[in-house]
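The values are calculated or read from the model by the stated rules, or taken from the named source; none is laboratory data. In this text, all values refer to a predicted model and were calculated from it rather than measured experimentally. Positions of Cβ are backbone-derived with ideal geometry, glycine not excepted, and every protein chain shown enters the neighbour counts.
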Amino acid sequence: EIIKKASGENKVGNWGLGNEYEIQALLSKYGLPTDYITMDFTMDQIDQDTITLASAMTYNELGLIKNSYDGGYGYGDEIGVIDMNDEGVAMLEDMLFCTKAFAEANPNTVKAFTTASMKGWVYACEHPDEAAEIVFKYGSSVSADHQKYMASEVAKLVTTDTKGNSVPAANVGQMDDEAIQQTLDLAKQYIKIDDATAAEKLQALTLDDIRSKDYLTYDGGAVEKADLKIQLKWLPQSQFMGYYVALDKGYYTEVGLNVEIVSGGGDVSETVAVNNGTVDFGVTWVSNLINANAGGMELVEVAQVYQRSGLVLCYKKSQFTK
């Protein structure tokens, strides 16, 4: 009822830019038009009632709209949420990738980097407050309080799957083929590509075209390349805490790597930066890699960090109790 009312009033909001596919899948599920209002990167529009259902990441915008700390809107329990995992339209988000050529030429490097990164993620999820402080030390786009909120919520995405089952520490970074297949299926349905060749390639993509499980364990072989760069999807924040923890705790050094973390959010996207060799690794959403490979890139996912979707639609409960 909430979704139908908001859709009927054309008051469903999303940022677009590839973040909209789950929202469109949700609207389609209920037989509704897939139109949405483009949101800015604040929660002002739901605050001002220009949209009724606002997209939010559990670890970011949801915290801002609910909490009262610096930068927060302080709505608390007045905010309700519609979860993409519960609705069966979840698409997987943050994962680690490189080019297929880099992985094939530097298998030990990729294994060592992946293993050290996942060690960082396990530690970060077990010590979210400390992880938030480490990220804050390296630079932050948000307050220290929001960074801690973010860390605690990100930990849930890394250690819980789309069905709500716990993911043990030993399985952090593993790839759930069923969840990745659902992401691929929804991507094929909702990614719009004008180029006919790319559109055809998108429909032909299989799991083996986008991910490899060959690099999840490292047995100590000599790394082929020691100096590495990884580009994040966005600015320094707890969304990426595992990499900062791995750097800060010396996990990369332990396996013979010298790693530089490069902020995202600039003019060059993480997929382009990895594809052109500016950086060796990147962090992006699975749908972004699918889109890039359809367009002719040869990228490969080597670890799935987030095991469930962090995207929700949030609303003011008072709007629906009148």
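The set of residues in region 166-190 that are buried (at least 18 other Cβ atoms within 10 Å of the Cβ) and either over 23 Å from ASP35 (Cα atoms) or of a type in the set (A, V, I, L, M) (or both) comprises VAL167, VAL172, GLY173, MET175, ASP176, ALA179, ILE180, LEU184, LEU186, ALA187.
Residue-by-condition table, conditions (1) part of a helix (DSSP H, G or I); (2) of a type outside the set (A, V, I, L, M, F, W, C); (3) surrounded by fewer than 21 Cβ atoms within 10 Å (Cβ to Cβ); (4) in contact (Cβ under 8 Å) with a residue 24 or more places away in the chain:
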residue: ASP209; (1), (2), (3), (4): yes, yes, yes, yes
residue: ASP214; (1), (2), (3), (4): no, yes, yes, yes
residue: THR217; (1), (2), (3), (4): no, yes, yes, yes
residue: GLY221; (1), (2), (3), (4): no, yes, yes, yes
residue: ILE230; (1), (2), (3), (4): no, no, no, yes
residue: LEU235; (1), (2), (3), (4): no, no, yes, yes
residue: GLY242; (1), (2), (3), (4): yes, yes, no, yes
residue: THR253; (1), (2), (3), (4): yes, yes, yes, no
residue: GLY256; (1), (2), (3), (4): no, yes, yes, yes
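Only one entry of GLY256, GLY282, GLY296, GLY277 meets the criterion of being of a type outside the set (Asp, Glu), modelled with pLDDT of 95 or more and farther than 26 Å from ALA116 by Cβ, and that entry is GLY296. Among the candidates GLY265, GLY277, GLY296, the residue that is out of contact with any helix residue (DSSP H, G or I) (no Cβ under 9 Å at 6 or more places or on another chain) and outside any helix (DSSP H, G or I) is uniquely GLY265. Looking across region 84-104 at every residue that is within 22 Å of GLY173 (Cα to Cα), in contact (Cβ under 8 Å) with a residue 24 or more places away in the chain and surrounded by fewer than 18 Cβ atoms within 10 Å (Cβ to Cβ), the one that is farthest from the chain's Cα centre (by Cα) is identified as ALA101. With the condition kept exactly as written, say whether any residue in region 311-320 is within 12 Å of the chain's Cα centre (by Cα) and in contact (Cβ under 8 Å) with a residue 40 or more places away in the chain. Yes, region 311-320 contains a residue that is within 12 Å of the chain's Cα centre (by Cα) and in contact (Cβ under 8 Å) with a residue 40 or more places away in the chain.
Results for (1) within 19 Å of THR321 (Cα to Cα); (2) touching a residue at least 60 places away in the same chain (Cβ under 8 Å), shown as yes or no for each residue.
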residue: LYS11; (1), (2): yes, no
residue: ASN14; (1), (2): no, no
residue: ILE37; (1), (2): no, no
residue: ASP40; (1), (2): no, no
residue: ILE46; (1), (2): yes, yes
residue: ALA54; (1), (2): yes, yes
residue: LEU64; (1), (2): no, yes
residue: ASN67; (1), (2): no, yes
